[in-house]
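As structure tokens, the structure follows; a few thoughts come after it.
Please treat every number below as a calculation from the coordinates, not as lab data. Since the structure is predicted, the reported quantities are computational estimates derived from the model, not experimental observations. Glycine gets a Cβ as well: all are built from the backbone with ideal geometry, and neighbour counts include every protein chain shown.
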């Protein structure tokens, strides 16, 4: 039927399924192979999905190199919007049947290969898996990669900086966390992401002193000026923020867990986001 030009993706899937029902698995895989070579996006998606799932199920442990070849072929043939899902399946295969180091390499490749809008999603999974498989030091490496050369849009880079800072706070590395806030401020305007500046404000109330709080306000004014917007609005507003900081007892700010202090800190117990 294929020779007559009458094959369709549905016929390929039906033919392969019929062969599988008769325990002719290798013949079924050959049908899938012909199918993915004969069709292109979007007609090949269902064939690739079935082919990869069935082959991994049957040969994931015994023929890992062949599985890798299939995933590489699928990623190469897929349009940009499909690459993320394929890479994540590829990495999961490596975690289950291959090596953790190979899985990390797949995540790294995915982060640079998928469209910019999909990179945050890849890095989110990458960080979690790196931490679970290798520990917090590897998670740090992934965060560094993401924020320094990961090609993330500014908004997503800000998100990663805040999560990285939370990780550092959880490790007691307050200075490192502060450096991340300063770095993110260079591309995060107060008018665009006011929640970022609120997070930094709360961070300094919890972990800083008058000097670091003043520095945060200075950076905030600089960021507002560079964006052509006035965020603080007046010197009086800055003074009010400093008064608010001074009014919060530093000793309680460091010791409280969920207590509210004049509306400045709603919850002092830090939550790690990774």
Check your understanding: Dividing the Cα convex hull volume of segment 136-224 by residue count, how many Å³ per residue is that?
Key -> 77
Point to revise | Separation of the residue 155 and residue 49 label points, Cα + 7 Å toward Cβ, nm | key: 2.8
Review point. So between residue 116 and residue 187, what do we pick up on full extension, going 0.36 nm a residue minus the alpha carbon distance?
Key: 23.9 nm
Revision key, fill the gap. For 147, 47, ascending order of other Cβ atoms within 10 Å (fewest first) is 147, 47
Revision key, fill the gap. Here the FRET efficiency for residue 133 versus residue 65, based on Cβ atoms and R0 = 22 Å and rounded to 0.05, is 0.55
Check your understanding: Using the count of nearby Cβ atoms within 10 Å as a rough guide to exposure, how do 22, 201, 59 rank from fewest to most?
Key -> 22, 59, 201
Exercise for review: Grab the Cα-Cα distance for residue 23 and residue 105, subtract it from 0.36 nm times how many residues apart they are, and report the gain in nm with one decimal.
Suggested key: 26.0 nm
Study note, to complete from the structure: Taking r as the C-beta separation of residue 195 and residue 171 and R0 as 30 Å, the FRET efficiency to the nearest 0.05 is 0.80
Check your understanding: By counting other Cβ atoms within 10 Å of each Cβ, how are 183, 32 ranked from fewest to most?
Key -> 183, 32
